[in-house]
Every structure is written in C-alpha cells, then in structure tokens.
C-alpha cells in the first residue's frame, strides 16, 4: 500500500482537491438562485413579467426573456393565459408569497 501511495500520491491528492473544490463551487453557485412558478394571465408578456419581478432578479429584461425561453418547454415568442412558466428569483429578496419550483433542464 505504501508503494502505491508513493507512486500515485500527487494524482490522488490532486483528484481529492479537485472533487472538494467542485463540491464547494457548486454549493456557492446555486446558493443565490431560486425559481418561482408563475401562471400567465391575460395581457401578460415576458417583458411585463420581467418588470414585475425586476427587484427579485439581477437579469436585464433581454436576459430574463432569454432565460425563460431557454428553461421552459414550449415557450417561444408567444405566451398564453393559463400557461405556467418557471422564472429565476433571488432568495434574499423574495418578499411576496410564491410557489417555488425547480428549473427544468439546466
């Protein structure tokens, strides 16, 4: 066993450090984001929804619309009343009651 450790100690140490770093970075990366499920009402647009939640996310309107289109199935340029979409919000600033959801296909 000692011979094995002497031969591969650098590789083993590097792998362990890489795994540890990846774990902590993944915790840090997802710690500020939360997702909310929103039901579309008559007259809603993605831009209006971005305006409504602008104090709860750090995206520009264009980035918000792109994020919603990318992370919600069947959302193109049109949204329809009754559809449910998932939008990003920040945990720290969420002040109104919402239904939390997980984001599909990240």
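Read-outs throughout are calculated quantities, based only on the coordinates presented, and are distinct from any laboratory measurement. Computed from a predicted model, the values in this text were never measured in an experiment. Don't worry about glycine lacking a Cβ; one is built from the backbone with ideal geometry, like all the others, and counts go over all protein chains shown.
Values computed for the structure shown
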{"item": "Cα-based shape type of the stretch 35-96, given that a ≥ b ≥ c are square roots of the gyration tensor eigenvalues and the cut on a/c is 1.5", "result": "prolate"}
{"item": "Neighbour-count order for 66, 41, fewest beta carbons within 10 angstrom listed first", "result": "41, 66"}
{"item": "Order of 45, 20 - criterion: other Cβ atoms within 10 Å of each residue's Cβ, fewest first", "result": "20, 45"}
{"item": "Burial ordering of 64, 23, fewest other beta-carbon atoms within 10 Å first", "result": "23, 64"}
